[in-house]
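K.L.:
Mind having a look at this structure? Questions to follow.
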Amino acid sequence: MFSSKVRLVAPLVALAIGISSCGGENNQASNNSSPAAEGGATPATNTATGSSLSGTVKVDGSSTVYPISEAMAEEFQKANPGVKVTVASSGTGGGFKKFCAGETDISNASRPIKPEEVELCKKGNIEYIELPIAYDGLSVVVSPQNKFVECLKVDELKKMWETSAQGKVTQWNQINPKFPADKIGLYGPGTDSGTYDYFTQAIVGKEGESRGDYTASEDDNTLVQGVSADKGGLGFFGYAYYENNKEKLKLVAIDSGKGCVQPSPQTIGDGTYQPLSRPEFIYVKKTVATRPDVKAFVDFNYAPANQKLVTEVGYVPLPSDLLTEVQARFNSGKVGSVFEGKGSQVGVTLKDLLKQEK
């Protein structure tokens with residue numbers, strides 16, 4: 001679990017980026033609950049802080065977005081001890097199932113809501129407000145023992161992960177004849193993961209489709225451990241998980257046709273790290289959006305002074321102009337998705353989509 005005291009990375013620039021792994025996001029509802037958010041009845045209001053708020057805010061969903069919500073919840077509860085914010089991580093898909101069933105107030109997502117999830121929410125009579133929360137660059141990593149991979153082309157990644165590679169593409173020299181005949185060990189999140197969805201859309205060309213003979217884990221930290229210990233291993237996950245484990249991993253640059261680029265706060269923020277830069281989201285249930293405890297927590301997430309928390313956990317904050325757009329979207333109670341329920345899309349300009357709604 002990420003501690004909100006272990007936060008890394010640096011600021012950002014501007015631009016809205018596009019929006020899909022072989023295996024699932026953390027299903028850690030019990031292990032990844034925010035420490036300050038576990039158990040018991042709602043704490044008594046501490047009037048010494050000046051906050052009279054009370055209540056319980058339930059958050060679940062993406063393991064990629066989890067570190068942001070955990071950090072925000074910890075700081076928010078210090079200022080508002082009468083509010084308990086529970087943060088769990090069932091994966092983007094698992095989170096939407098709970099959200100659309102009315103079990104949570106906020107659903108974290110590392111991709112936009114899918115058409116089938118839109119329908120699920122309709123059946124559950126759940127309206128939602130879609131809010132971008134930060135930018136991420138999916139990070140492709142290998143073991144530090146790997147001395148031959150510095151950069152991979154998108155086509156090389158596709159050759160490695162596409163459905164037809166299953167049981168056939170098993171050695172590095174099949175990806176590039178310059179590589180040795182070492183065995184490839186693949187690691188990735190599961191099929192409930194928004195990270196899996198985005199990666200397969202961006203690299204393989206079809207969301208949710210890839211080879212199945214790889215090591216999948218619901219715990220991104222397990223993926224880190226697997227890759228770091230496997231000389232021929234390769235995996236992918238959100239940038240924050242690389243940043244928090246960089247001593248155990250070697251980052252691979254990606255060539256999408258314009259040269260090799262590594263993810264960094266700058267390349268993620270300005271969109272030059274393609275096609276694996278993407279926005280992350282929170283979805284707020286419409287019926288609770290004006291409830292004082294929920295509204296205060298969401299507002300806390302978008303306060304300019306709190307964007308340092310996004311940076312510290314390893315992601316890239318929204319630029320100030322887009323932050324204003326998102327705050328206006330929330331305050332107006334605008335329901336639905338700017339992606340029209342189409343799910344992961346690569347190369348879409350989020351900023352322009354938000355402005356089109358006006």
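K.L.:
Given K84/K334; K308/K334; K206/K250; K78/K308, which pairs have Cα atoms separated by over 21 Å?
P.N.:
Where the Cα-Cα span goes over 21 Å, the pairs concerned are K84/K334; K308/K334; K206/K250.
K.L.:
In terms of the Cα gyration tensor, with a ≥ b ≥ c the square roots of its eigenvalues, is the stretch 110-239 rounded because a/c is under 1.5, prolate because a/b exceeds b/c, or oblate? Don't jump to the answer; show the numbers that get you there.
P.N.:
On the way: a/c = 2.43, a/b = 2.01, b/c = 1.21.
Prolate.
K.L.:
Explain nothing, just compute: Karplus ³J(HN,Hα) = 6.51 cos²θ - 1.76 cosθ + 1.60, θ = phi - 60°, for every residue of the stretch 295-312 in order, whole Hz, x for Gly and Pro.
P.N.:
Those phi angles translate into 4, 5, 5, 5, 4, 4, 4, 9, 5, x, 5, 8, 5, 4, 5, 4, 4, 5 Hz.
K.L.:
Using each residue's phi in the stretch 89-105, evaluate 6.51 cos²θ - 1.76 cosθ + 1.60 at θ = phi - 60° and report the 3J(HN,Hα) Karplus result to the nearest Hz, with x for Gly and Pro.
P.N.:
Couplings: 9, 9, x, 4, x, x, x, 5, 4, 5, 4, 6, 8, x, 8, 10, 8 Hz.
K.L.:
Next question, about the same structure. Hey, can you grab everything whose amide H is under 5 Å from the amide H of K153? Only 5+ residues off in sequence or another chain; H modelled, so Pro and N-termini drop out.
P.N.:
D255
K.L.:
Can you bin the stretch 227-344 into rounded, prolate or oblate? Criterion: square roots of the alpha carbon gyration tensor eigenvalues sorted a ≥ b ≥ c, rounded for a/c under 1.5, prolate for a/b above b/c, oblate for the rest. Each step should come with its number before you reach the end.
P.N.:
Working: a/c = 2.22, a/b = 1.92, b/c = 1.16.
Cα axes put the stretch 227-344 in the prolate bin.
K.L.:
Still on this structure, I have one more. Once both labels are modelled 7 Å past Cα along the beta-carbon direction, what's the D155-Q266 spacing in nm?
P.N.:
Result for the modelled spin labels: 2.9 nm.
K.L.:
Run the numbers for D182 and S54: contour at 0.36 nm per residue of separation, minus the present Cα-Cα distance, in nm. Could the numbers behind the result be given before it?
P.N.:
Numbers: separation 128, 0.36 × 128 = 46.08 nm, distance 5.71 nm.
Gain on extension, D182 to S54, equals 40.4 nm.
K.L.:
Multiply the residue gap between A328 and K78 by 0.36 nm, knock off their C-alpha separation, and tell me the result in nm, one decimal place. Don't jump to the answer; show the numbers that get you there.
P.N.:
Values: separation 250, 0.36 × 250 = 90.00 nm, distance 2.60 nm.
Once the chain is fully extended between A328 and K78, it gains 87.4 nm.
K.L.:
Counting only Cα atoms, I'd like the Rg/Rh figure for the stretch 208-255, Kirkwood definition for Rh.
P.N.:
Numbers: Rg = 11.1 Å, Rh = 11.7 Å.
Here the Rg-to-Rh quotient is 0.95.
K.L.:
If r is the Cβ-Cβ distance from A305 to A253 and R0 is 56 Å, what FRET efficiency results, to the nearest 0.05? Walk me through the intermediate numbers first.
P.N.:
On the way: r = 34 Å, r/R0 = 0.60.
After rounding to 0.05, the efficiency reads 0.95.
K.L.:
Whole-Hz Karplus ³J(HN,Hα) for the stretch 263-268, in order, using 6.51 cos²θ - 1.76 cosθ + 1.60 and θ = phi - 60°, x for Gly and Pro?
P.N.:
x, 7, x, 6, 6, 6
K.L.:
For K286 and K206, what is the calculated FRET efficiency with R₀ set at 41 Å and r taken between the beta-carbons, to the nearest 0.05? All intermediate terms of the calculation are to be shown ahead of the outcome.
P.N.:
Working: r = 32 Å, r/R0 = 0.78.
Efficiency, from the Cβ-Cβ distance: 0.80.
K.L.:
Let me ask something else. For labels at D321 and K123 in the simple 7 Å Cα→Cβ model, what's the distance in nm?
P.N.:
It is 4.2 nm.
K.L.:
Follow-up. Of the heavy-atom accessible surface of the stretch 55-132 (probe 1.4 angstrom), what whole percent is carbon and sulfur? If you can, show how the numbers build up before the last one.
P.N.:
Details: 1040 of 2070 Å².
Taking all protein chains in place, the stretch 55-132 shows 50 percent carbon and sulfur surface.
K.L.:
Rounded, prolate or oblate: which fits the stretch 283-344, taking a ≥ b ≥ c as square roots of the Cα gyration tensor eigenvalues, rounded meaning a/c under 1.5, else prolate when a/b beats b/c? All intermediate terms of the calculation are to be shown ahead of the outcome.
P.N.:
Numbers: a/c = 1.82, a/b = 1.21, b/c = 1.51.
Since a/c reaches 1.5 but b/c is at least a/b, the shape of the stretch 283-344 is classed as oblate.
The values are calculated or read from the model by the stated rules, or taken from the named source; none is laboratory data. Note that the coordinates shown come from a computational prediction; the quantities given were computed from them, not determined experimentally. Note: ideal-geometry Cβ built from the backbone for every residue, glycine included; neighbour counts use all protein chains shown. In case anyone asks, the SASA skips ligands and DNA or RNA and just uses the protein heavy atoms, side chains included. Shrake-Rupley method; radii C 1.70, N 1.55, O 1.52, S 1.80 Å.
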